[in-house]
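Here is the structure we will look at.
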Amino acid sequence: MNSKTRGSVEMTAAMIISGTIGWFVLHSGQPAMDVVFWRCVIGAPVLLAVCAALGLLRGTLTPRLLAFAALGGVAIVLNWLLLFAAYPRASISIATAVYNTQPFILVGLGALFLAERLTASKLMWLGLAFVGMLLIVQAKPDAGYVGTDYVGGILLALGAAFFYALAALVAKKLTGTPPHLIALIQVCVGTLMLAPFANLSQLPTEAGTWGALIALGVVHTGIMYILLYGAIQKLPTHLTGALSFIYPIVAILVDYLAFDHQLHPVQLVGIAAILLAAAGMNLGWSLRKVAVPVEGKQVSD
């Protein structure tokens, strides 16, 4: 198996794992705060073992790295809290679709803080995603699915997307830093950040709850990050971006198969618009015209 094929397999596996995270969050039956806390606590030893095995703990930790990684860790933890809180309110499908607006938020943050140029293509994809958002927001939840707060769940998912984009913006300051080490620092920050608020006086007693929490820590944090970062190192950017759309597709299928949540046609159109716009943004699709022959030559604008 060559490097590109192995990277594709790793990326596909990572995205399938990510797509099932909503089921484990809801199956745990725990508040979002506790779920994220235990995800960090259980995931940290896995990532620590990986970093130690790769020799990433020697000579790489500097005050600057720790400061930026910790800042990114705060954003990632807030991202997890908001996304997990959105699942029972708006459903896994809707929350995941709205969460995929993160590339557009990152573009906006880049324009504001990094003076990155907003092209016509980016604005077009942003407009399409906005239309998709409007379609989802105005649609009523399916009668067979009773969420606690549909619009509130959408707003929480948007907040999660914002903090993910913020973490990605901070990560630009850590170029060249091993991603496994960044992930380790992030879950350690999450553990310290949430320990005062976690419900440690009444620990879960059911085996199913602990099974879900352990899976979130070991599989969805430790193993998933190892597969994801391994794939990113082997694959070209366009292929990484293309395979990343396995995640929302799997999440929507899990929501349907596990919870029988059937989306309305308007919601499906809205989700399709957001995912198409995100694909266009991530894969760099542009508005350039099809080449036309001029004096025997091919030209394009």
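The values are calculated or read from the model by the stated rules, or taken from the named source; none is laboratory data. Every value quoted in this text rests on a predicted model; they were computed, and no experiment measured them. Here the Cβ is made from the backbone with ideal geometry for all residues, glycine too, and neighbour counts use every protein chain on show.
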- Inspect all residues belonging to the stretch 231-254 and state whether any of them is aliphatic (A, V, I, L, M), surrounded by fewer than 20 Cβ atoms within 10 Å (Cβ to Cβ), farther than 24 Å from Leu283 by Cβ and in contact with a helix residue (DSSP H, G or I) (Cβ under 8 Å, 6 or more places away or on another chain). no
- So which pairs qualify, if the first residue must be in the stretch 167-194 and under 25 Å from Val35 (Cα atoms), the second must be polar (S, T, N, Q) and surrounded by 19 or more Cβ atoms within 10 Å (Cβ to Cβ), the Cβ gap must be under 7 Å, and the two must be at least 6 apart or on different chains? Ala167/Asn79; Val187/Thr221
- Query: So, in the stretch 73-95, of the ones that are modelled with pLDDT under 95 and either of a type in the set (S, T, N, Q) or surrounded by fewer than 24 Cβ atoms within 10 Å (Cβ to Cβ) (or both), which residue ends up nearest to Leu253 (Cα to Cα)?
  - Reply: Ser93
- Message: What pairs come out if I take residues in the stretch 1-15 that are more than 22 Å from Val219 (Cα to Cα) and pair them with residues that are modelled with pLDDT under 95 and not in a helix (DSSP H, G or I) whose C-beta lies under 7 Å away, six or more apart or interchain?
- Response: Lys4/Leu235
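Restricting to the stretch 96-125, and then to whatever is among the aromatic types (Phe, Trp, Tyr) and within 19 Å of Ala167 (Cα to Cα), can you tell me which residue is modelled with the highest pLDDT?
Kept after step one, since they are among the aromatic types (Phe, Trp, Tyr), are these residues of the stretch 96-125: 99, 104, 113, 125.
Applying the additional criterion that residues be within 19 Å of Ala167 (Cα to Cα) yields 99, 104, 113.
Details: Tyr99: 94, Phe104: 86, Phe113: 80.
Only one residue fits best here, namely Tyr99.
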- Query: Can you name every residue in the stretch 201-220 that is loosely packed, with under 11 Cβ neighbours inside 10 Å and assigned to a helix (DSSP H, G or I)?
  - Reply: Ala207
- Note on the structure: Of those in the stretch 1-12 that are surrounded by fewer than 17 Cβ atoms within 10 Å (Cβ to Cβ) and not polar (S, T, N, Q), the residue modelled with the lowest pLDDT is Met1
- Exactly one condition in (1) surrounded by fewer than 19 Cβ atoms within 10 Å (Cβ to Cβ); (2) within 15 Å of Gly72 (Cα to Cα) is not met by Gln186; state its number. (1)
